[in-house]
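Bear in mind that the values in this text are calculations on the coordinates, not laboratory data. Since this is a predicted model, take the numbers as computed values, not measurements. Cβ atoms come from the backbone with ideal geometry, glycine included; neighbour counts cover every protein chain shown.
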Amino acid sequence: MNEFNIKKLEIEEISTKNIYFSIIESLLFVTGDSLKLTELANILECSIEFTRELINELIIKYEEEHRGIKIIEANDEYQLVTKPCNSEYVQKLLKTNIRQSLSQASLETLAIIAYKQPITRVEIEEIRGVKSDRAIYTLSEKKLIQQSGRKNVPGRPIIYITTDEFLKHFDFHSLNEMPSIENLNNENLNNENLNNENLNNENFESEKSDKEEFNKEDIQLRQSSKEVN
C-alpha cells in the first residue's frame, strides 16, 4: 500500500471518529442523565470496547480544548455535565444552589455509610453516638444513598448503601477511588502536626516580639532616668 492510500485511510478514520463523537455528544446531551455503555454501543452499532475507546478519546478531547462541559463515568455509565469550575456562573443563571452544602451531621453519616456499607441505621448511630434519622433522610433525598434490602436479623432493619449519584457528586469513578481510612488518618495527623508547628512558631514569634518590646521599653526607661538625673 502506497503512502497516499495510507494517508487516505487515516483521514477516513479520523472523519469516521468525528461522526461518532458527534453522535455520542448528541445522545448524552439529549438524555440529560447517564447512559449505560452497552446502550451507547447498541445505538452506535459498535462493540463495547470500541465505544469505550471513543468515549475516552472524547473525554480527553474536552479536557485539551478547555471546554465548559465534560463527560463523567461511574460503573460504565456516562453523563454529560458542566465543569465544577463554572458552577458559580451556572448557579447565577438557574438562581439555585446546584451543590447545596451538606451539614456536618450529613457528612459524618455519609462517610460512615461510604466506608462501612452495607450498613443499618442502628449501626450508623452506634458509631456516631447520636440519632441519624434526619441525616439519612437528607442523604436519601439528595440521592446520595439508597436502601438495599433488609438485614437478616431480628426486626429486619433497612440496609443503606451509596449510589452512583454519590460517585458523581464527589467525582469518583468507583468506590475503589475513595481514599483509604489509613491515608485519611495520616493526613489528619500531618495536618495536626503542621498546625502544632505553626502554633509553636507563632508563640515563638510572639515571645520574641514581647522580648524586643520589653528591651525597647527598658532602654527608653533608662534614657529617661538619665535625663531626669
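Can you check what the net charge comes to around residue 159, using other residues whose Cβ is under 12 Å from the Cβ of residue 159 (Lys, Arg +1; Asp, Glu -1)? Can you show the working numbers first?
Details: positive: 116, 121, 150, 151, 156; negative: 123.
My count for the surroundings of residue 159 gives +4.
Here the spin labels are modelled as points 7 Å beyond Cα on the Cα-Cβ line, and at residue 105 and residue 88 they lie 3.1 nm apart. Once the Cα-Cα distance is subtracted from the 0.36 nm per residue extended length, the residue 182 to residue 128 segment shows a gain of 17.5 nm. Extending 7 Å from Cα along the Cβ direction at residue 15 and again at residue 50 yields two label points whose distance is 1.7 nm. Summing charges over all other residues whose Cβ lies under 12 Å from the Cβ of residue 33, with Lys and Arg as +1 and Asp and Glu as -1, gives -1.
With the simple spin-label model, which puts each label point 7 Å out from Cα in the Cβ direction, the residue 57 to residue 115 separation comes to 4.2 nm.
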